[in-house]
Amino acid sequence: MTYRDAMSTSELQDRKLDRVFDQLDVNRDGVVDREDLAGLGARFLIGFGEPPTSAPGRALLEAFDQVWAALMSRLDLDAESRVTRDQFRRGMAEAFITGPDYEPVLRPVAQAVARICDADADGLIDPVAFRTMQTAYGTPEGDIVTAFGALDADGDGMVTVVELERAAREFYTGDDPAAGGNWLFGRI
């Protein structure tokens, strides 16, 4: 039985999960592990100049670690395991698309990311902070401006924290090809 046969995810959802896998697999060895997720957190914190010991830095790293724990739980693997693309798709789908873990696990990641991007806590993420975030995630340079426009739902030149959190939910749980959240990490 193939992954597609076992899961009820769409081709669009699979492409989005593949995008996330590729963000994590920076050395392109075809597997991801806990250190790959920690590396994403480190790239993010370095980009924003946020110390890992600050409250926002700790919250982000702990939230990423919870994602890994949820993924390993769904795959019935220990925390030090390495997972392939198909395992990643299956575990992420079981946890966050068809499973119950978006709200308690992925939403706190979106909130932690938004908190760091919105340094002055005014509820707005400017294009510079958005670019920094996207660079940490490995979004192709040519997609960053388009992604910003897709997420800036009201067209005011800023992405609100609410818009960023909505985009994260659409990206991870949605199946609407027209949803702006599909652009969270660039073209899929």
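The values are calculated or read from the model by the stated rules, or taken from the named source; none is laboratory data. Treat the numbers as computed from the prediction; the structure is a model and nothing was measured. A quick note on method: Cβ atoms are made from the backbone with ideal geometry, for glycine too, and the neighbour counts reach across all protein chains shown.
Just a few scattered comments:
Yes/no per residue for (1) at pLDDT 95 or above; (2) surrounded by 16 or more Cβ atoms within 10 Å (Cβ to Cβ); (3) under 30 Å from Ala119 (Cβ atoms):
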position: Asn27; (1), (2), (3): no, no, no
position: Gly47; (1), (2), (3): yes, yes, yes
position: Arg85; (1), (2), (3): yes, yes, no
position: Val105; (1), (2), (3): yes, yes, yes
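- Unmet criterion (only one of (1) modelled with pLDDT of 95 or more; (2) part of a loop (DSSP other than H, G, I, E, B)) for Gly91: (2)
- Of the residues making up the range 62-83, those that are surrounded by fewer than 17 Cβ atoms within 10 Å (Cβ to Cβ) and in contact with a Leu (Cβ under 8 Å, 6 or more places away or on another chain) are Asp65, Ser81.
- Residue in the range 34-53 that is closer than 22 Å to Thr9 by Cβ and in a loop (DSSP other than H, G, I, E, B) present: no
- Once the range 27-46 is narrowed to residues that are more than 13 Å from Thr135 (Cα to Cα) and among the β-branched types (Val, Ile, Thr), the residue that is nearest to the chain's Cα centre (by Cα) is Val32.
- Count of the range 52-80 residues which are under 12 Å from Leu37 (Cβ atoms) and not β-branched (Val, Ile, Thr): 13
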